Amino acid sequence: MSDWLRWLLIALCLVAALLVVWRGRRQRRTFFPGLTWTRRKPERRRRGMVVSVLGWLVVALVVAGATGGGLLWFLGWPRLPDAGQFDVAQVLDLLKIALSVVAGFGGVVLLAVNYRKQRVAEDEHDLAIQRADREVVQKFNERFGSAAEQLAHDSPAVRLAGVYAMAGLADDWADKRQVCVDVLCGYLRIIREAAGEVEVREAILRVIRDRTRQSGERSWSALDFDFTGVTIENADFARRKFSGEVLFDGAEFVGGVASFAGAEFGKLSFHGARFSAGETNFGGMTVTGGKVEFVGAEFAGETVDFADGFLQSSSIAFFRCRFAAPRVDFSQLDFTFGRLLFDRCDFADLELDLSIGLDAQPFSLVPVLAENCRFERCRIELGRGGQGVKLADCVLDTVTVADTGEYPQAHPWPGNELRGGTSLPGHYATA
């Protein structure tokens, strides 16, 4: 056989293999049709098996041809002797080689069949997993519907059971936990006058508190909570952790206490909130990498306590807020690249403690800044020289500014208007 004929046969085998591979990739995502099990008719599955085996045989032929051709090329294309020159031993050796080749092709067929069986088994396993997942989701949906119906029931006992059913579903269903919590928060936002309603609302707040503990096993701390427009009596979120977004816009806090003492927050919003409880306590609150906003909020009651808070790369901002509680305490705040901001706020008839201490210094930015605010009949305690506190463009009417003068503040207080006999120590000079 001439050299060009040998190369032509090798090229034809390669083209045939490429055609088989191309056809298989068009039909399925694997190299050969029939290697991936699909829910087809039996005759089509059998045809796929045949094509798959033929495909593997073509690949084997191509590999064998390429190997043999490469070996012959390496040996300089030696010519074989005529058939009459072979003795019995050489003929037997040739038969052994032929049988080995046939056995190799049989092994290829067996490999193709086993590979297909393995793919079928894997696909069946994947289908079983998908079927189990669908059954789980279906059960969760059924539980969700049942809990929602209970929450809408006329009986307070049934509604109470719905609260715990929805909370339990949120614990079990991680993918839709936020949806379950949104339903509970949405129930709080609905104004409903019915028997037992107070107990149902308290139960919702209780399950939220139980699952936002800073060291709780079942944690909802990473979720968002929307308490917009909710009236909460004796709110207790002390030592709770909320790393998501928490909205108290338009909420009202009544009763003896509204406590957020020692709580951890990411983003917290109090737009239009009203604090009417006897004691509003944010003492020891931690804000990390987020922001706490009070916009148009009102602070009444007896005391408002923000003392000993920790601000890390975050801020607490008050915009157009009104402070009417007799005592408002922002003392001993700990700042790490954080700020306390007051903009266009009103302070009347109160004692305001802004003595943040020297631990907050030095700072490139003023940690406590009040701009365009109005202070009437107030006493402002600034501790040791007003370190880190700046008032700018404010109205101070009948205000007493008290500090020890031990460490005079380094920032001027520009543009302030003094009324009613208000005077400032010399180190608060207006620039």
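Each reported figure results from applying straightforward, stated rules to the coordinates on display, with no laboratory input. Only a predicted model underlies this, so the values are computations on that prediction, with no experimental measurement involved. Reconstructed Cβ throughout: ideal geometry from the backbone, glycine too, with neighbour counts over all protein chains shown.
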In Hz, Karplus ³J(HN,Hα) per residue of region 148-164 (6.51, -1.76, 1.60; θ = phi - 60°; x = Gly, Pro): 5, 5, 5, 5, 8, 6, 6, 7, x, 5, 5, 4, 5, 4, x, 4, 6
Integer Hz, Karplus 6.51/-1.76/1.60 couplings in order for region 188-204, x for Gly and Pro: 5, 7, 7, 7, 9, 9, 8, 5, x, 5, 4, 5, 5, 5, 5, 5, 4
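Given a Förster radius of 22 Å and the C-beta distance between Phe337 and Val295 as r, what FRET efficiency does 1/(1 + (r/R0)^6) yield to the nearest 0.05?
With a Förster radius of 22 Å, E is 0.45.
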Tell me the label-point distance for the pair Arg344, Gln178, using the 7 Å Cα-to-Cβ offset, in nm and rounded to one decimal. 3.2
How big is the gap, in Å, between the Cα center of region 157-217 and the Cα center of region 238-292? 19
Take the alpha carbon gyration tensor of region 364-414, find the square roots of its eigenvalues, order them as a ≥ b ≥ c, and report rounded if a/c is under 1.5; if not, report prolate when a/b exceeds b/c, else oblate. oblate
Report, ordered by chain and residue number, the lysines lying within cross-link reach of Lys117, taken as a straight Cα distance under 26 Å and ignoring same-chain residues fewer than 8 apart. Lys41
Given Lys267/Lys390; Lys241/Lys267; Lys176/Lys291, which pairs have Cα atoms separated by over 20 Å? Lys267/Lys390; Lys176/Lys291
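If each residue of separation counts as 0.36 nm, what is the full-extension length gain between Ser155 and Lys96 once their alpha-carbon separation is subtracted?
12.4 nm
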Please turn the phi angles of region 366-376 into ³J(HN,Hα) values with the Karplus equation 6.51 cos²θ - 1.76 cosθ + 1.60 (θ = phi - 60°), one per residue in order, whole Hz, x for glycine and proline. 6, x, 10, 10, 10, 10, 6, 9, 10, 10, 10
Cβ-defined net charge surrounding Asp126, 11 Å radius [Lys, Arg +1; Asp, Glu -1]: -2
Please give, to one decimal in nm, the separation of the simple spin-label points placed at Phe140 and Arg322, each 7 Å out from Cα toward the Cβ. 4.7
